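The values are calculated or read from the model by the stated rules, or taken from the named source; none is laboratory data. As the structure is a prediction and not an experimental result, all values here were calculated from the model. Positions of Cβ are generated from backbone atoms using ideal geometry, with glycine treated the same way; all protein chains shown enter the neighbour counts. Heavy atoms of the whole protein, side chains included, go into the accessibility calculation; ligands, DNA and RNA do not. Shrake-Rupley method; radii C 1.70, N 1.55, O 1.52, S 1.80 Å.
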Amino acid sequence: MKNHIALYQPLMPANTGNISRTCAATNTALHLIHPLGFSTDDRMLKRAGLDYWHHVEIIEHQDLQAFLDYVGQRPLYLISKFAPQIVSDANLAENSQGEQFFLFGKETTGLPIELMEAHKEHCLRLPMNDQHVRSLNLSNTAAIVIYEALRQQNWAGLDRTHHYQETAKARELNW
């Protein structure tokens, strides 16, 4: 199963950099839908992504329609705090296409309402106490969503055991 994270017009390079690190750790493709609020050469983007940027499959799309054309008939999930269904209630383990996409909105305005109305049955959210918090951070939300999908997929393609290099710290901890 191939997972994809797509960011609709992201504004903050640190969020995109952090999401790129999550993508590198999870073998997830990253889609950037223009216009972006920063340059992909941005110093903050590289700082947040550290040296992981070159390990990420990054696909840029001119606009939302170009992205939707790319996705075609493959499963597309829209992630929004206004969605009726909770992420963990959706079956993210299997589909006939072998790929699925998780689309996240712009940090300030989210996803276009028309798009959400057209794909209501594929809108997902994370449960939260919205009486105290307006929204969760984009990079945190993306990490939670992709790890829920991977959990349902039995961690396909990921190491389930930790391989560490013996270091002074590891010896000190008796690992």
Problem - Selection count where residues are within 18 Å of Gln153 (Cβ to Cβ) and either acidic (Asp, Glu) or surrounded by 12 or more Cβ atoms within 10 Å (Cβ to Cβ) (or both), scope the range 88-123 - result: 13
Completion exercise
With the first residue restricted to the range 19-31 and required to be in a strand (DSSP E or B), and the second required to be polar (S, T, N, Q) and open to solvent by less than 10 Å² (accessible area, probe 1.4 Å), Cβ contacts under 9 Å at 6 or more apart or on different chains are Ala29/Asn3; Leu30/Thr16; Leu30/Ser20
Problem - Count of the range 23-53 residues which are at pLDDT below 95 and among the hydroxyl-bearing types (Ser, Thr, Tyr) - result: 3
Exercise for the section: Name the single residue, out of those in the range 1-16 being part of a helix (DSSP H, G or I) and not hydrophobic (A, V, I, L, M, F, W, C), that is surrounded by the fewest Cβ atoms within 10 Å (Cβ to Cβ). Expected result: Pro13
Fill in the blank from the handout: Matching residues in the range 114-165 (over 20 Å from the mean Cα position of the chain (by Cα) and part of a helix (DSSP H, G or I)) number 3
Problem - Matching option when the condition is open to solvent by 10 Å² or more (accessible area, probe 1.4 Å) and closer than 18 Å to Ser135 by Cα, among Gln85, Gln62 - result: Gln85
